[in-house]
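What follows is a single structure, written as C-alpha cells, with notes after it.
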Amino acid sequence: MKEKGTGTDFSRVIPKGEIIFKEGQTGDCAYLIESGQVELFVTNKEETTPLSLLGSGEIFGEMSLIDGSRREASAKAVTEVVLSVVSKEALSERIDEADPIVRLLITMMAKRTRETLKVNKSITQNKKLKIKESSNTNSEITDVNLGLDVIQKIRYEKELHEALENGEFMIHFQPIVSIESQNVVGFEALTRWNSPEHGLVRPDLFMGIAEETSLIVPLGHWITETACREFGDIQKALVENLGKIPRLFCSINVSGRQMQDPKLFEILQKATWLNKIHPKQIKLEITERVFVDGSFVYDWISKCRNKGYSVALDDFGTGYSSLSSLHKIDANNLKIDKSFVQAMEEDHNTYVIVKSIVEMARGLNKTVIAEGIETTEQLKLLKKMGCKYAQGYLFSKAMSKEDVIDFLTKKPNKKVA
C-alpha cells in the first residue's frame, strides 16, 4: 500500500480521519505539519494504542529516511491537516553534509527512538499508554517557530526546483563604471526569479537556499549559459548601433559548491565560444567565505587564470578571510562590500578601512570595485582614494538585456569604454 502524502507535490491536504501512512511501510519522505493535528499510534492484535498527538511546526516520519527502516508507527489525521512533504533527497543531502559529530548524533537519536518505540509496543500488549500531546506552550514556542521556518524554507526549495524547470529565472545586468571617466566598463550578471506567486524576487532572498542544495549546480549551469548568451547579444547590438567592438567584461557569481562542479569550466568555455566572448571578458566572482573550504580554492583560482578568466573577490572586508593569506589569493579584483561603502560618509573608522583596502589592493596590483554606491559624496570619496571602478544605484539598477542596450545606445551621456 502506498502511503498518503507521498509524491512530488510539496504540500498535501489530508482529510480528517485519513491514514497518512501505516506501521511497517517503507518511508520515502517525512512530513512537516503546517496546520491541524496528527496522531501517531501502534496496533497490536487489532488494538490501537496512541503514542503522541502532533501539531503545527512539528515533523514526523523522518526516522525512516535517516536509517532506511520501515515505519515503526502509523499516522492519522485527527483534523484536516496541511502537510509539507520533505523528500528523502532533501533530508539526506543535509545530513550527509553536516559535521560528522552532528551526523553521529542524528543516527544515534534515531536508533534510540526506535528502541524506545519497540519497548513501548511491547508494553501495549498488557497496558494502554497515555497519549502524549504536543501542547505548544510558551516553553516550546521556539521549536514551533523553527518548524514553521523550515516549512517556509522547504517550500521555497520546492518552488525553486519548479522555477528552473518552468523557465522562471532571468538574468539582469548591473553596469560597472570607471570612476575616472564615468564610462561603462562591464556588467555584473545577477539572477532574478520571476515567480508567479511572489513576483520579481532578488537573488539575496533565494540564492542562499539554492546554495544549500544541489540545485545550485544546474541553476549555475543555466546562469552561465544565459549570461554569456545575453552578454553576447549586448555586444552584437552595440557593434550594430555604435559601429565599434566594445571592450566590456561580464562578472558571473560562482558559489563554493559550483567551484567543485567538474562541468563548470566545460560549460563556460562552450558558452563563451558560441557567443564570441573572449575569456578575458569573463570575470568570475567568489566570496571570501569560500576560503574556509580549504586549499582547493587557490588551485581553482589558478585554473581560472590559466584559462584566461579573471577572478574577483566579492564582499571583501566582511571578515571571512585573513589578511595574512591575501597575498596567496591570485584574484584580479577586490570588490568592497556595500555595507562599508554606504557607512563611510558617516563613520570615520569605516572610511579609514575602505581607504586602507584601496591602498592595499593597489600595492598588491589588484583593482578595486566598490559596490552599493548610492550618493555622489560616496563617489567623490572613492575617487579621492584612487578606487578605479564603481557599481550601484547612483549609476543604474540591474537591467534586462533589452534595457541595457537602450541604456547604452539611446542615452548620449552613457558611454562604453
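The number of residues in the range 162-179 being under 14 Å from Glu225 (Cα atoms), buried (at least 20 other Cβ atoms within 10 Å of the Cβ) and free of Cβ contacts under 8 Å to residues at least 60 places away in the same chain comes to 1. Criterion first (touching a residue at least 24 places away in the same chain (Cβ under 8 Å), under 16 Å from Val184 (Cα atoms) and touching a Lys or Arg at 6+ places or on another chain (Cβ under 6 Å)) does Phe249 satisfy it? Considered against the rule, which asks whether it is touching a residue at least 24 places away in the same chain (Cβ under 8 Å), under 16 Å from Val184 (Cα atoms) and touching a Lys or Arg at 6+ places or on another chain (Cβ under 6 Å), Phe249 comes out as yes. How many of the residues making up the range 148-207 are among the basic types (Lys, Arg), in a helix (DSSP H, G or I) and modelled with pLDDT of 90 or more? The number of residues fulfilling the criteria is 0.
Do the conditions hold for Glu230, that is, is it among the charged types (D, E, K, R), more than 17 Å from Asn332 (Cα to Cα), assigned to a helix (DSSP H, G or I) and in contact with a strand residue (DSSP E or B) (Cβ under 9 Å, 6 or more places away or on another chain)?
Yes: the conditions hold for Glu230.
Number of residues in the range 283-315 that are farther than 26 Å from Thr272 by Cβ and at pLDDT 80 or above equals 0. Can we say Lys283 is out of contact with any Leu (no Cβ under 7 Å at 6 or more places or on another chain), basic (Lys, Arg) and surrounded by fewer than 21 Cβ atoms within 10 Å (Cβ to Cβ)? No; evaluated as a whole, the condition is false for this residue. Scanning the range 297-316 for residues that are assigned to a helix (DSSP H, G or I) and of a type in the set (D, E, K, R) returns Asp299, Lys303, Arg305. Against the list (1) modelled with pLDDT of 95 or more; (2) on the phi > 0 side of the Ramachandran plot, the condition Lys270 fails is (2). Residues in the range 363-384 that are surrounded by fewer than 22 Cβ atoms within 10 Å (Cβ to Cβ) and in contact (Cβ under 8 Å) with a residue 60 or more places away in the chain: 2 in all.
Within the range 238-278, restricting attention to residues that are in a helix (DSSP H, G or I) and aromatic (Phe, Trp, Tyr), which residue is farthest from Asn306 (Cα to Cα)?
Within the range 238-278, the subset in a helix (DSSP H, G or I) is 238-242, 256-259, 264-274.
Add one more test, that the residue is aromatic (Phe, Trp, Tyr), and what stays is 265, 273.
Details: Phe265: 12, Trp273: 17 Å.
Per the stated criteria, the residue is Trp273.
Close contacts from the range 17-35, counting a first residue that is over 15 Å from Leu83 (Cα atoms) and crowded, with 19+ Cβ neighbours inside 10 Å and a second that is modelled with pLDDT under 90 and not hydrophobic (A, V, I, L, M, F, W, C), with Cβ to Cβ under 7 Å and a gap of 6+ residues or different chains, come to Gly27/Gly61; Gly27/Ser64; Gly27/Arg71.
Put simply, of Asp233, Asp299 the only residue that is surrounded by fewer than 21 Cβ atoms within 10 Å (Cβ to Cβ), among the charged types (D, E, K, R) and under 26 Å from the mean Cα position of the chain (by Cα) is Asp299.
Considering only the range 265-286, I want to know if a residue exists there that is more than 16 Å from Thr226 (Cα to Cα) and either of a type in the set (Phe, Trp, Tyr) or not assigned by TED's automatic domain parsing to the domain that holds Ser214 (or both). No - not one qualifying residue is present in the range 265-286. Within the range 275-301, if we keep just the residues that are touching an Asp or Glu at 6+ places or on another chain (Cβ under 9 Å) and not acidic (Asp, Glu), the residue that is nearest to Phe316 (Cα to Cα) turns out to be Thr287.
If I go through the range 42-57 residue by residue, how many of them are in contact with a strand residue (DSSP E or B) (Cβ under 6 Å, 6 or more places away or on another chain) and closer than 18 Å to Leu83 by Cα?
Adding up the residues that qualify gives 4.
Based on what the data block shows, is Ile267 crowded, with 20+ Cβ neighbours inside 10 Å and not charged (D, E, K, R)? No: the conditions fail for Ile267.
The values are calculated or read from the model by the stated rules, or taken from the named source; none is laboratory data. Only a predicted model underlies this, so the values are computations on that prediction, with no experimental measurement involved. Counting neighbours? That spans all protein chains shown, and the Cβs are built from the backbone with ideal geometry, glycine included.
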